[in-house]
Amino acid sequence: MIGRVTQQTLQRSTLANLQSNLTRMSNLQGQMSGGKLITKPSDDPAGAAQAMVLRAQQRTTKQYQRNADDGLAWLTTIDTAMQSSVSTLRRVRDLTVQGGSGALGPTSREAIATELEGLRDGLLDLANTSYLGRSVFAGTSDADVAFTDAASATPYSWTGTTGASVQRRVAADTTVRADADGVSVFGEGATSVFALIDDIAADLRAGTNVAPRLNEIDARMSTMLGELAGVGTRYNQLTTSQSDTAVTLQDLTSRLSGIEDIDLAQTIVELQMQEVAYQGALGATARVLQPTLMDFLR
Amino acid sequence: MSTFSGISTALSSLIAQRQALDVSGQNVANANTPGYTRQRADMSAVQGSSVPTLWSTTPAAGNGVRVDTITRMGDVFLDARVRSETSASSYQAAHADTLGRLESQLREPSDTGLASSLQTYWADWQDVANAPGDTAARMVLIGDAQSLVSQISSGYRGVETQWSQLRTETSTLVTDVNSTAQAIADLNAQIRSVTVSGGNANELVDRRSQLVTTLSGLVGATGRERADGTMDVMVAGNPLVTGDRADALEVQGSWTMAGGLGEPPATLDQVRLVWASNGTAANLEGGRVAANLDDLAPAGALGGAIQTWNAVATNLANSVNALHGAGQTLQDPPTTGVDFFSVAAGVPAALGLSVAVTDPKDVAAANPASGALDGSWADAIAQLADDPTGPDTQWRSFAVDVGVRTRAAEQRATVLEASRASAENLQLSATSVDLDEESVNMLAYQRAYEGAARVLTALDEMLDTLINRTGVVGR
């Protein structure tokens, strides 16, 4: 009984074969037109898991790039402000050296003192440099300025929070400081660089020898240069991490594409082969289902 | 032995061959009828009359041929096999279908799925960390959080819709089961009366066999034939049809998903199948209805999806709020202890989730110990994206799990469908009509008919000789 073949069983199996042929072809065509190998998790669960993780990493890495861009803008602003501060301080030193020579008359001393006060205001402006409305030397402060001016109740006091800093995340566990500590750079209150310049100006007007002040200026200058070097290092760190993330992003994109996207050449070849198979099946069907014994009996 | 007995022998052959030819004609006519089982005229030789007297020596030839029955060439074992395979493959196909629909709702991996929305949300926190004083960044964060919340609730609603559709489908299928059972009972009654009166009920049996196979696909029914030609249909170990009486099944339980899965505020009223006659539970072993009932249960595929949506919502709200509450807002004076998300009590978490923050200044991005424009708290919240127990990981593993299960179910369904098809092929190879075979049969019957007619002619000529040409010597 097993093995008895009738027109109906033949018809059924032919139809089933054609159907499975056509299903394979429609799958391939779907892949071709969509360009994706994985459109739903069940297409390849392991691949889908990887693809989801890679997508998440891609999104995070893009954000790291944005963070680094923002950090670079901060540090560029700080760098410019500090370079200017250093040259201003050099000018202050020159003037102090000049004022230290005992040959100067009261008028000349007054002129130097006035210029020093002007330089102090310039330095204060630099210390209050802001980026997008935020003081770069008091990053987390929402006050208008990083340092109050001479006329305020507490002259030259820093408005920032001690220990707080502005950090930019450039990798999962790496943050880079984007602001500069105003107290370290300029000092605060009576020990600040502004108070120092005021003291020199007062000394000049009073006729006191200002030469000993040079040491204080030098000390401030070296602190400032040290901080500037720190800013340079962080700037470097950010540019390095930026190029790193660019490479990572490229790598992630190509890995995601390797998992999700079709191999066009392979898919086209497979589709061609499937078409040939389908045509063969159609041809066989047309042949097989035609003749019966009826055709040969009168 | 009668002179004329040969004529009746030839006549019996003429009748029998014609009957057999009729059966062949019926077979050819139904070559393409679904469910038709080929038939065969069973002929047997008629025994010659017994020896009349002790000394009678005439060897009696037989008295011709007779069609005993028209046999239906079905095989109950092949039928049973087709039914059990149909029951298993229908179960798996329905299960794979449900999982496939659930999977397509997830829209993963893509740029529009929940995973992508979560990542956007975390990235927004980093933007707030970069510019804590910028209201625009905070507005974007709140807007994206709201779209995340609505995506979670619409994901939940999507599963709910699928559940309701499945619930309706199940009820419709069970109605179908009951009407089919009634039809089988009616056919049983007809078959019994036809068989008792000596008739031929083959076509009715074909029809009944098809209906029982339909029931196997729906509720995993098995058939048991009885001596009087009727067939009992067993479902879940109990008779659905006994002779000409049909019992009925009934779907009980909630019509809403909240009730069916015990989601608050509803209480659990699980969807179940019971016997209409006595209300006891029917624990199906196979068939589409069984798969639907499994998927409708709280432990089923849809219940799992609902739990995940709720868990993701709860996890998101708890993990963000835990950090956010300790952060400092941009209000004047700054406040702490503000919740970013709120989860309404008494409803499922996925639906109760909402963004509690409406004023952009209420977003707590700052560490209270640092300045007002500190962003370290926002950065800390953004780091939840990589939390191994966070909502991202939870969602990802669920999506992949659904993918794995769908793939497994689809593969199993394909295997079972192949084995059902092979069982059906075996059944068809036994029962379907082969036109070549019928042609040969027709040829044989036609020739036999011609032969019988020739016998009749020969007898006629012999009688003619005896009657008309005997005793006319010399005439």
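List of remarks:
- Considered as a group, the residues in the stretch A:175-190 that are surrounded by fewer than 20 Cβ atoms within 10 Å (Cβ to Cβ) and assigned to a loop (DSSP other than H, G, I, E, B) include one that is nearest to the chain's Cα centre (by Cα), and that residue is A:D181.
- Just one residue in the set A:D149, A:D79 is modelled with pLDDT under 90, more than 12 Å from chain B (Cβ to nearest Cβ) and over 25 Å from A:A211 (Cα atoms); that residue is A:D149.
- Residue ranges of strands (runs of 3 or more DSSP E) in the stretch B:236-321 with at least 3 members surrounded by fewer than 20 Cβ atoms within 10 Å (Cβ to Cβ): B:238-242, B:272-275
- Residue selected from the stretch A:152-168 under the condition under 23 Å from B:W377 (Cα atoms) and of a type in the set (S, T, Y), by the criterion nearest to the other protein chains (Cβ to nearest Cβ): A:T161
- Residue that is farthest from A:M25 (Cα to Cα) [pool: residues in the stretch A:259-286 that are among the small types (G, A, S) and surrounded by 14 or more Cβ atoms within 10 Å (Cβ to Cβ)]: A:A281
- Single residue of the stretch B:99-133 satisfying the filter (assigned to a loop (DSSP other than H, G, I, E, B) and under 15 Å from B:V400 (Cβ atoms)) that is nearest to the other protein chains (Cβ to nearest Cβ): B:P109
- A:T96 being modelled with pLDDT of 90 or more and either within 20 Å of A:T77 (Cα to Cα) or crowded, with 16+ Cβ neighbours inside 10 Å (or both): yes
Per-residue answers, yes or no, for (1) on the phi > 0 side of the Ramachandran plot; (2) within 12 Å of another protein chain (Cβ to nearest Cβ); (3) among the hydrophobic types (A, V, I, L, M, F, W, C); (4) touching a strand residue (DSSP E or B) at 6+ places or on another chain (Cβ under 7 Å):
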position	(1), (2), (3), (4)
B:A369	no, yes, yes, no
B:D374	no, yes, no, yes
B:A399	no, yes, yes, no
B:S432	no, yes, no, no
B:S439	no, yes, no, no
B:V455	no, no, yes, no
B:L466	no, no, yes, no
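- Test: residue in the stretch A:44-67 that is away from chain B (no Cβ under 13 Å), surrounded by fewer than 16 Cβ atoms within 10 Å (Cβ to Cβ) and either without any contact (Cβ under 8 Å) to a residue 24 or more places away in the chain or within 30 Å of A:A229 (Cβ to Cβ) (or both): no
- Considering residues of the stretch A:99-116 that are surrounded by 15 or more Cβ atoms within 10 Å (Cβ to Cβ) and touching a residue at least 12 places away in the same chain (Cβ under 8 Å) only, the residue nearest to A:S157 (Cα to Cα): A:L116
- Residue in the stretch B:78-103 that is surrounded by the fewest Cβ atoms within 10 Å (Cβ to Cβ), counting only those that are of a type in the set (V, I, T) and farther than 16 Å from B:L296 by Cβ: B:V82
- Counting the residues of the stretch A:132-158 that are over 28 Å from the mean Cα position of the chain (by Cα) and either in contact (Cβ under 8 Å) with a residue 12 or more places away in the chain or assigned to a strand (DSSP E or B) (or both) gives 8.
- A:L289 being modelled with pLDDT under 90, exposed (fewer than 15 other Cβ atoms within 10 Å of the Cβ) and among the aliphatic types (A, V, I, L, M): yes
- Residue within the stretch A:26-40 that is touching an Asp or Glu at 6+ places or on another chain (Cβ under 7 Å) and under 30 Å from B:N425 (Cα atoms) present: yes
- When the residues of the stretch A:1-40 are filtered to those that are among the charged types (D, E, K, R) and closer than 19 Å to A:L282 by Cα, the one that is farthest from the other protein chains (Cβ to nearest Cβ) is A:R24.
- The stretch B:401-416: number of residues that are more than 10 Å from chain A (Cβ to nearest Cβ) and surrounded by fewer than 19 Cβ atoms within 10 Å (Cβ to Cβ): 2
The values are calculated or read from the model by the stated rules, or taken from the named source; none is laboratory data. These numbers were taken from a predicted model, which means no experiment stands behind them. Every residue, glycine as well, gets a Cβ built from its backbone with ideal geometry; the counts of neighbours run over all protein chains shown.
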